[in-house]
Amino acid sequence: MTAVMKGVRIVEVAEQAFGPAACALLSDWGADVIKIEPVEKGDAGRGLRALGNDDVLPLFESNNRGKRSLGLDLSTDDGRDILYRLVADADIFVTNKVPRVRKRLRIDVDDIRRCNPDIIYARATGNGERGPEADNGSYDLLGFWYRTGAALGAAPAGSSPPYLPSPGFGDLIGATTIAAGLMGALYHRATTGEAPVVDVSLLATGMWAMSGSISSAALTREWSWPPPARNPLSHTYETADHRWIGLCCLQPAAYWAPLCEVLGRPDLVADPRFADYQSLMANAGRVMDLLAEIFAKEKLDHWRSVLADFKGQWTVIQDPVQVLDDPQVVANGLVQTCTTDAGVPFDLVTAPVQYDGKPAVTRRGPGLSEHGDAILADLGYDWDTVVDLKVRGVVA
């Protein structure tokens, strides 16, 4: 793959997923990312043992792929001095610390730009940079999922709001937004000489994902979702082996006859109850019942074969285990195998953007301060000084 971010250096002071995952994407695309971690325990994501096992932490690996790590105590003058020397030669600084923490650590915009006036500064926050809750921490479950209407939009009417469909779901969508914003900022700096401050929040990202519903609600101050099932050719159907097929034919009258043909029920085409769009919609409940009865008679593999010739839009509804073996996933290189520093293999989803027809090469995340000595040596610190910094707990 073409390394479009080659030559770009990023310094990251961020933990968990929102922020780090953006830098992981940019690393996959060629950027050199130096991850600054708390000196004692590192990124809090290293402690999420509920995901993975003793050998592999998949979410941490995904959010920190290809980075270099330096454990640093930013509460000390010596620790901040090391950070300031790093950002002096960087293109981008990324943090997901809230304003009060940035101020306390002296890593706010003015602090960083005293070292490098041309650096692009990115703030990844939960609730936005302004307002009464700007200093409150958040997670994607809260800022992206619950607060923006996404959870209620995914819930059947009258049921309790569902949990996130995947760990880091909103963080990773937000990370893509941050990465796009940073690439735009680099272009702006290259063409104007001005280095922007980039702000992305979980709240804003969630609202963007929900903008169809929010903009519609703004018209009438009323909202109802999901809509009642009216189009029987945009619906889900269970197979004999308890798998599910999803149809999404938004022009049902155009696809009704072809569907009946491949399902072996051409008699339904001539049925006056289903003769045109109006009659299909008027009898949608009956059509759904008929299709449910048909699909329930055979297993998924049968329907895969039958629907292969159907010109309408459909797919198999899958869980994450089944996704791994999806032929389209394999053909497009959307999962790659990495190995931990101990040689344990594990799989990661590749970056969603490919350049020149090839997926980005995905690499493992770093050990805590794995690259610390080399980074400090590049900054001109001699070994005796490095040892002294370690003894005093300034660096890991």
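The values are calculated or read from the model by the stated rules, or taken from the named source; none is laboratory data. All figures in this text were calculated on a predicted structure; none of them were measured in a lab. Cβ coordinates were reconstructed from backbone atoms using ideal geometry, including for glycine residues, and neighbour counts include every protein chain displayed. These accessible areas exclude ligands, DNA and RNA; they are computed on the full protein's heavy atoms, side chains included. Shrake-Rupley method; radii C 1.70, N 1.55, O 1.52, S 1.80 Å.
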- Query: Count of lysine pairs in the chain with Cα atoms under 20 Å apart, counting only pairs 8 or more residues apart in sequence or on different chains?
  - Reply: 11
- Let me know the charge dipole size of the chain about its Cα centre in debye, to the nearest 20, where only the beta-carbon of Lys, Arg (+1) and Asp, Glu (-1) is charged. 760
- Query: Of all trypsin sites (Lys or Arg not before Pro) in region 1-108, which ones are in loop regions per DSSP and have a Cβ with at most 11 other Cβ atoms within 10 Å?
  - Reply: Lys6, Arg49
- Leu379 paired with Asp341, simple spin-label distance in nm, labels 7 Å along Cα-to-beta-carbon: 1.8
- Item | Sorted peptide list for 111-120, 127-136, criterion being average Cβ within 10 angstrom, highest first | 111-120, 127-136
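Order 21-34, 215-228, 196-209 from most to least packed using the mean count of other Cβ atoms within 10 Å.
Details: 21-34: 25.5, 215-228: 9.9, 196-209: 20.7.
Ranked from most to least packed, the peptides come out as 21-34, 196-209, 215-228.
What is the diffusion coefficient of the chain in µm²/s, taking the Kirkwood radius over Cα pairs and the Stokes-Einstein relation at 20 °C with a viscosity of 1.002 mPa s? Please report the intermediate quantities before stating the final value.
Working: Rh = 24.1 Å.
Translational D for this selection: 89 µm²/s.
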- Item | Two-site label geometry, Ala180 and Val4: point separation in nm, points 7 Å out along Cα→Cβ | 1.2
- Task: Mind giving me the nanometre distance, one decimal, between the label points for Val330 and Asp55, set 7 Å out from Cα along Cα→Cβ?
- Result: 2.3
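Can you work out the accessible area per residue across the chain, with the rest of the protein chains kept in place, probe 1.4 Å, in square angstrom?
Heavy-atom accessible area per residue stands at 51 Å².
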- Using 16 Å as the cut-off for backbone N distance, which residues of region 241-261 belong to the label zone defined by a point 7 Å from the Cα of Ser224 along Cα→Cβ? none
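Hydropathy at least -0.5 by Kyte-Doolittle, axial extent at least 30 angstrom from the Cα trace: which helices of the chain, defined as entire DSSP H runs, fit?
Numbers: long enough: 169-192 (35 Å, 0.72).
Result, helices passing both filters: 169-192.
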- Message: On a full-extension model of 0.36 nm per residue, what is the gain between Val387 and Asp301, subtracting their alpha-carbon distance, rounded to one decimal in nm?
- Response: 24.7 nm
- Can you give the extra length, in nm with one decimal, that the chain gains between Trp208 and Lys103 once fully stretched, where that is 0.36 nm per residue apart less the Cα-Cα distance? 34.9 nm
- Taking only Cα atoms and a 10 Å spring cutoff, compute GNM fluctuations for the chain and point out the largest among Gly168, Gly312, Gly79. Gly312
- Item | Restricting region 248-300 to trypsin sites (Lys or Arg not before Pro) in coil, as DSSP defines it, with at most 14 other Cβ within 10 Å | Lys297, Lys299
